Structure formats: C-alpha cells, structure tokens
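A short worksheet on the structure shown next.
The values are calculated or read from the model by the stated rules, or taken from the named source; none is laboratory data. Source: prediction; values computed, not measured. For neighbour counting, all protein chains shown are included, and Cβ atoms are generated from backbone atoms with ideal geometry for every residue, glycine included. For accessibility, only protein heavy atoms count, side chains too; no ligands or nucleic acids. Shrake-Rupley method; radii C 1.70, N 1.55, O 1.52, S 1.80 Å.
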Amino acid sequence: MKAELPADAVIQCRCVMLVDDEAMVRESTEQWLTMCGFHVVSFASAKAALEQLTPAWPGILLTDVRMPEMDGMELMQAARQKAEGLPVILLTAHGDVDMAIGAMHDGAYDFIEKPYVPDRLAETIQRACEKRRLTVENLRLQQDLATRSGLDAKLIGISPAITRVRDEILTLGQLDTNVIIYGETGTGKELVAQCLHSFSNRADKPFVPLNCGAIPENLIESELFGHEAGAFTGANKRRIGKFEYASGGTLFLDEIESMPHSLQVKLLRALQEGVVERLGSNKPIPVDLRVVAAAKVDLRDEEGFREDLFYRLCVSELHLTPLRDRLDDVPLLFAHYVALAATDHQREPRPLSDHDIDALQSYAWPGNVRELKNVAIRFALDRRVSVAELLSRGQPPLATVRANQRGLPLAVQVAEFEAQAIRNSLRTHGGNIKVVMDELDLPRRTLNQKMQRYGISRSEFVPEGE
C-alpha cells in the first residue's frame, strides 16, 4: 500500500479497505470502523482500490455492490486473484440479497444489508480480520520456509535455542573432533549429527548411523568391527563393519549409554589406535573417522559407562533443547511437515486456524519433534480434524510437562468443551441448526466452522425418518 499503515494494525491484520461511491456512506462507515479500532483506507471507486491492493494486504475488503465502471462483484473477483484468500464483505441493498448469497458461493466472506446495523458490521469485520490474520501468518510461514537454505533449511526454527545449535554446528563442523549430543527422545539428535557431518570437511564421505540400543548384545561387535567368514555360527561370508565403512567420514553412535561394558573397551582401543580387527581375524585395519555419539542422559552420571571412553568421545558437547522449551519454533516446524506430507500425497497444504495454533503452542510435546511430525502428517491427510483433536486422542501422558501444569493444555480442554457443548445441543434439539444457533448464541457461519473443525455432522443427531 502507498498509504502508511500503523504497525499494530498490520500485525493484527485490522486494516479495512473500504470501497463505496457514495461519499456520505463511505465517510460515516469509515468513522464508525475507526472508532471500533480498525484502520480504514477508503476509496470512491473499485479501480482505485484495486491499484492499491497488495497480495499480503493485512486485513479485509469491504465493498458496495452497486458502483459505476466496476461493481463490487467484479472487484471481489479481481481482488481475490491479486490477494489470495482475501476476505471480502459485500454491502448490499435489499434487492441484491439473492445475488449476494450467490457471491458467497463464489468466495465472498459475508454480506451486510444496507442500512446496516453498526455492531453487526463491526463483529463481522472482526471475524473476517482474524481469518485474514491466519492466512497472512500461514503465507509468512510458507515464504519463510521457501527462502531457507543451507543449515537453516535443515534445522528449522527461530528460537534462541535452535539458533545456538546452528551456530555450534557451523563451528564444530570444521574442528573434526569427536562430539556427544545430548537430548531427550525425539529432539533430532541424528539430524544434528547429519548436519555436523554435512558441514564438515568429511561431507563427501559416508555418514554411517548405528543405534547401540537396537542391536542385540551378541551382534553389536560384529556390526561395529565386521567379521570374517566362519567367525561364528551363521557368518557365511566376510562382512565389513561400521567402523571400516565409515572410514573417511562420520560414525554416529546413537544411544551410546546402552553399549555393553565389554564392548566399550574395544571401542576405546579402536578410537585410541585408529585400527579395528574383524571378528575371526588378527589383521589390523587402519581407519580414519570422526565419532559423533548421542545420549539421553549425562554419561558422567551413567553407572557402568567407562570414564576413559567418555573423555575420548567428549571432546565437544551439544545440548538439544526439548520442544516444550522452544514453542516459538512449533508453528514453523509444523507448517514444514504439513507441507512435506501434502507434497508426498499430492494434496494442497492445509492452513492452520487460530485454535490450531493455540493448541500447538499450549501442548508440552513429550515426544518432541518426532511427535510433532506425526501429528502434522495426520493433520495434513485428514482435513476433518483439528490439531486439538489430534493432541487429545491417544496421546501419551504429559510426563515431562512443566512443573505446575496438570492434565491437558487449556486449548485442548476448551476445544473438547466446545465440541461437547455443540454435540449436546444438537442431540437435545434433534439436529435443528437454528435452535442450536439460538441456544449457543452462535452465528450460522461460526457454528458451521466449529462443526467442521470438530468433525461433527448434523445427520448424526436427526431422528430417523426426518
């Protein structure tokens, strides 16, 4: 816009583009909406307004229908092509109601009959502005994701915690020292290890992961060091171990705290001497690699973990912050995984509602990024359910929630209460939408949106035969 917009109106998307060729109506409407806290930019013609409209206009379009040269219907179509998802509210005379209803099927947000009730106009604009705020926020998230490259595109987030990790990776990547990564389950320890490798001088050599806790104790030595044919029952041919295979690159040892004590001695020797011996062979094989280990607990306090091995591994440390302590990153991360899931399944990315964003940032995420990714995939594939519903059904208990938090987050409780109140009212009144609207004091559009959000169908409550 050429006109300068107040920062708070832009952030909250409380800007109204008002178009009406009648000066008296335009001026009185602008005065009323300004008193209601909106920033109004008014125009006497549709073409003048369209010239000033930007794709990220932080608010809504309020236009009269009957205007010379370009009418409100034409303006709506042109405006929505220029600013995707822009809510358009039509001001109509009594005789234009049928046309306005048809316009809603074509994408209009709502229509208001002249002479309008001022409070109703303000309430409708308020709801439309909130919808626009979410659209603009989703657009900002998508643009943010699209413009990211390098490490920013791999470790997504804006919080100080994730910024610190990216800085440490860029520093440690060039040092070629062994590193221990600490973090709860699901915080992305393997991804961070991959980034350490990708931004190191070993990036063109193999990155080889091994989960020490997922391999039976009697097989882990063979996995690490390899074996010759006949070394043990079932060893029908020679096998190269992870140490050999990773030579020149990076060996990632996840859950290293679970490594058997007997194998820790052999691992220490291999690291100290830079050689390995396959099972069933006495021939030393030189290896040159970097070891990145990961643990959920501090290895200094882990009984049974060798102190000399700890100091061999722990030249440097990286500590990953749990997701509940960097909630600013959640919407961006969630949008990223929703977009990936949509692309994988050839679907349009699904936008987040205000309830969805509240639920995302109120939840404690005991499963961290791994849990968030799973919820995002389900959200992308099932457009009938909200984030709050996904978080409230079958999720693990919030064992790691902050000290004084109890039970479900407030956003989830509110969503459950709303959904149950709507179901109860529909059941009581046999699915009569008008009576439910009156009882719950909800406009039809709001009730329809909530029923869709919570997966509620009117047909479930209509008595048979009706």
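Structural remarks
- Residues in region 180-222 that are among the basic types (Lys, Arg) and assigned to a loop (DSSP other than H, G, I, E, B) were compared, and the one that is surrounded by the most Cβ atoms within 10 Å (Cβ to Cβ) is Arg202.
- Selection within region 283-302 - surrounded by fewer than 21 Cβ atoms within 10 Å (Cβ to Cβ), aliphatic (A, V, I, L, M) and under 30 Å from the mean Cα position of the chain (by Cα): Val297
- Given (1) in a helix (DSSP H, G or I); (2) open to solvent by 30 Å² or more (accessible area, probe 1.4 Å); (3) over 28 Å from Arg166 (Cβ atoms), index of the condition Leu263 fails: (2)
- Hits in region 223-237 (condition: open to solvent by 70 Å² or more (accessible area, probe 1.4 Å) and not basic (Lys, Arg)): Phe232, Thr233, Asn236
- Flag if Leu323 is at pLDDT 85 or above, surrounded by fewer than 20 Cβ atoms within 10 Å (Cβ to Cβ) and either within 21 Å of Ser392 (Cβ to Cβ) or touching a Cys at 6+ places or on another chain (Cβ under 8 Å) (or both): no
- Any hit, region 358-369, residues being surrounded by fewer than 19 Cβ atoms within 10 Å (Cβ to Cβ) and out of contact with any Pro (no Cβ under 9 Å at 6 or more places or on another chain): no
- Pick from region 40-84, criterion open to solvent by 30 Å² or more (accessible area, probe 1.4 Å) and of a type in the set (Ser, Thr, Tyr), ranking: farthest from Cys129 (Cα to Cα): Ser45
- Among the residues making up region 384-443, those that are under 22 Å from Asn368 (Cβ atoms), in contact with a His (Cβ under 8 Å, 6 or more places away or on another chain), modelled with pLDDT of 80 or more and part of a helix (DSSP H, G or I) are Val387, Ala388.
- Apart from one condition, Glu317 fits all of (1) farther than 30 Å from Glu137 by Cβ; (2) of a type in the set (Asp, Glu); (3) surrounded by 17 or more Cβ atoms within 10 Å (Cβ to Cβ); the exception is (3).
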